[in-house]
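Undergrad: One structure, as structure tokens, below. Some questions next.
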């Protein structure tokens, strides 16, 4: 899976949680600043990503990844451990 595939899947999951069209989200979209995500939603998004990739992510590390692009890179890194 290449990095664009990770981003596309992260974007798809985030779009479902916020009920927005995927095309409105890009690599620079920030969960908290742009989408006003609360902690519980961030946790649910992280859990959905963990389920999708059968990987365990660290919540604090996940929270530090501000943009969707950085989240996708973090997920890819954890999947390739």
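All of the numbers you see were taken from the coordinates with simple rules; none came from a lab. Here the structure is a predicted model, which is why all the values come from computation and not from measurement. Methodologically, a virtual Cβ is constructed for each residue, glycine included, from the backbone with ideal geometry; neighbour enumeration extends over all protein chains shown.
Undergrad: Could the peptides 67-75, 9-17 be put in order, highest first, of the mean number of other beta-carbon atoms found within 10 Å of their residues?
TA: 67-75, 9-17
Undergrad: 222 nm [θ] for the chain, helices only, -39500 (n - 2.57) per DSSP H run of 4+, per residue, to 500?
TA: So the helix-based figure for the chain works out to -19000 deg cm²/dmol.
Undergrad: Here's something else I'd like to know. Scaled to the compact-protein estimate 2.2 N^0.38 Å, what is the alpha-carbon radius of gyration of the stretch 3-79, rounded to two decimal places? Working shown, then result.
TA: Values: Rg = 10.9 Å, N = 77, 2.2 N^0.38 = 11.5 Å.
Cα Rg divided by the expected 2.2 N^0.38 Å: 0.95.
Undergrad: Expressed as a rounded percentage, what relative contact order does the chain have, with Cα pairs under 8 Å and six or more residues apart?
TA: Here the relative contact order equals 41 percent.
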